[in-house]
Structures are given as structure tokens and as C-alpha cells.
1. How would you rank 342-353, 264-275, highest first, on the average number of other Cβ atoms within 10 Å across their residues?
2. If you average the alpha carbon positions of the stretch 89-145 and of the stretch 327-355, how far apart do those two centres end up, in angstrom?
3. Going by a ≥ b ≥ c, the root eigenvalues of the Cα gyration tensor, does the stretch 32-104 fall in the rounded group (a/c under 1.5), the prolate group (a/b larger than b/c) or the oblate group?
4. How big is the stretch 12-144 by Rg and Dmax over its Cα atoms, in Å?
5. Going by how many other beta carbons lie within 10 Å of each one, how would you line up V36, V178, V394, fewest first?
6. For each of T131, T186, count neighbouring Cβ atoms within 10 Å of the residue's Cβ, then give the residues from fewest to most.
7. Please report C18, C336 as a ranked list, fewest other C-beta atoms within 10 angstrom at the top and most at the bottom.
8. Net charge near K148: determine it from the other residues with C-beta under 13 Å of the C-beta of K148, scoring Lys and Arg +1 and Asp and Glu -1.
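What follows is calculated from the coordinates using simple rules that are stated; it is not laboratory data. Only a predicted model underlies this, so the values are computations on that prediction, with no experimental measurement involved. Reconstructed Cβ throughout: ideal geometry from the backbone, glycine too, with neighbour counts over all protein chains shown.
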Amino acid sequence: MTDLSLILASLRARLFSCGLSFLLTFFGVMLATVLVLFVYHVHHRFEADIKGIHVVVGAKGSPLQIILSSVYHVDMPTGNIPYASAQKIMKNPGVKQAIPLALGDSAHGFRIVGTTKAYADHYDIALAEGTFWDAPFEAVVGADTGLKTGDQFQGAHGLMPSPDEADADEDHGTYKVVGVLARSGTVLDRLILTDIDSVLIIHGQDPVNYKNYKHEHEKKHHDHHHDHGHDHGSAPEITALLLTVKSHLHHINLPRSINRESDLQAAHPPTEMARLYGLMGMGQKTAGFLSVFLVLMAALSIFTGLANSLENRLGDVAVLRAIGFSSRRVMGLILCEAMFLTLIGLLAGLAGGYGVYALLATHMAPLSASGASVFVLPPALIWIIIGVVVAGFVAGMIPAWRVRHLDIARQLSRAL
């Protein structure tokens, strides 16, 4: 009888306890995997998307909502702000760079963002093909949108992901793709960028960067308002400003002065994200403790199963030793039983965890909208794998060590 057949026979003899050990390991590792992948994604997106953005200015409301809607594009904005007020902030001597954002429409489930070319430059993203826009209703699209140079599409009102083509509306403009951004791993991969005037014109507002061109869409909307007795649109409004400041002192003082001296809301990204992590912290800790508890229970289950089994099989072990099996070989058999259960539970738990996270990344709006990637291996998950393997090894090593000091003659006489 081979060593493998001996191990399998022992596992079959303890099918119930082995199944319990497997399930505990499986659920513990699966829960830990989902938790680690989620936390890794949140931190990774935070680091990539918040790069160099010190202050975000929007309409009065929740600062966290301003950050989520204007930096990560996973929430609804708190409202719009007058462009004239935004200009005053843009001209503040403490501001190194200001990127205006005008939101309100989407296409193919991706947000249309009226902005300037500085938005792509801020993330050091080059064009994979085509050029940047020279007029309203020309668009540069992110790598995840599936659009390519020369494509035309119509915008739809609203920012919620909705790829339904029936939602498209001619009144919200026909855009032409003139460029595609290289994949960057940032929020821009899933955005459609256009001239800020595109969004303003669509919503019946005066353009802010008029360049003596007469775009067909601008002419159409101008004629539409003229037919209704309006020579001009309303005063322009944008959704948010992304600010990079010149010094740490401006980093602290500028948000305070904006909040104190204007009707606008200045949000500090690190502060708000720390608040978000704090809100999620209790759930993360609870899930983390539960996963550790399950893995420890699995290790304990493996240990008790092997220990109890060994008590009942000391005679069999003595026979193996008598026919030539060394103590090291018998110890190896017991350790292999423990590691077999541990590794099967570990692999199944990892597969289950990645599978659950893939479903969440596909069907959970915040994860899908933020481009959650399933095919990653966070360092924390590597440590969890190592920890589970060590726990399984220790659980098998303790009962295996007893074999080393087994009195063969005594056990054989008791068996006879």
C-alpha cells in the first residue's frame, strides 16, 4: 500500500471531521479574500485617482459626496456652482492648477465630463490614438469605454450607469470621438472627456471658452433659445473644481477660506477618505476577526481530528513501525493529512473569494463604476495564505510529534 493510499484511507475514515475542517478553512479564506480584495481596491483607487489633487470645490453639501462624485465618479454631485465664483478661486495666488469639471450627462453607461485638457495632463495620460478636441462636441474617451476614433454617439441626461441606447437623446448632443486615451489605471479609463462648453451648451448655458468657431450644435441650441425669445443662455455653471495648491500652508488655509467666505464647499480629499475608511472600519474589523476565527477553528478542527484519530490508530501506527516504516515517515503521513485538508480548503477558499468578488465587481455599482480589477494579488492576501499554511502545519505537527516517542512493543502487546 502506497503512502498516498494510506492518507486517502485515513481521510475517508474521518469523513465527517475532515469535511468540517474543509468547510471552516474554505469559509474563513473566502471571507478574508473578499475583504482583502475590496480594501486593496479602495486604497489603490484612492492612491491612483487622488494623485496631486489637494482640494475639491463643489456645491454646499456633504464633503465626502463631493470627493466621491468629482474625483472617483461613483456618486451624484451635490449640485452646481457658478462659473464666475469658480473663476475667483482659480485666480487665487495659492492655486497652482485648477481643473474645472462639468457633469450631467452620460453615454453607453460612462460619464461625459466637460473639462480642459489639463485633466488628462494631470494624470500624465497620453493619447493612444487621435487628437484632443478643438471644438465642442468632440470627445476624447477612456480606454474602458469601448469607443474608438471616428465613432459618434448621443448623450443621455443623468449620471447613473445605463448602457441602454434608448436613453440617448438628440437634445443632449451628438458627439464625435476624436481621440482615445492610453490605459492608465485611473478614473479616466472609464470617462468621456469633452470641451467644457459642450456640457454648458447642451444645458442651455453660455459657453465660457468661445473661440470664434460656430459649431453646428452650438448654432442649433442658440437658434433654439432665440426661437423662445432668449438671445443667450443662462449664466454658466460647473460641477466642481479640482485644485492643486502651491504649498502645505495653502493646503490648510485655502479650504478654510472657501468654506468661510463663499457659498461653496471645499473638501479635503485625505480627510474625507480617512472618514470613509473610519465608517468602513468596523465592518472590516468584524469581517477580519470572523475570517481569522474561522481559520483558527479550522486548524483546531484538523488538530483534534488527527489527535483523536491517532489515539484510535496507535496500534496501526505500531504495526507500520514494526514492518519497517520509520518514525519520520509516519510523521510525514500525518503531516500530509493535515496539509492536504489545509491546502484543499485554502485553494477552494481562494477560488470562492475571487469568484464572489468578481460577482460584486460586476453587479455592485460602486465597484463596477470604479473599475474594480479581479486579477490582483495583494500583499495582505499572500500573508493570509502563508498564515493558513502555517496553521495547518502546526495543527498536524503536534499529533505527528507523538509518533516519534511511541513505544512500539507496548502498543503491539496491547493490540494483541
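1. Ranked by mean Cβ neighbours within 10 Å, highest first: 342-353, 264-275.
2. 51
3. It is prolate, given that a/c is not under 1.5 and a/b is the larger ratio.
4. 22.3, 79
5. Result, fewest neighbours first: V394, V178, V36.
6. Result, fewest neighbours first: T131, T186.
7. Details: C18 23, C336 17.
Fewest to most other Cβ atoms nearby, the residues stand as C336, C18.
8. Values: positive: K176; negative: E129, D144, D151.
Computed value for this residue: -2.
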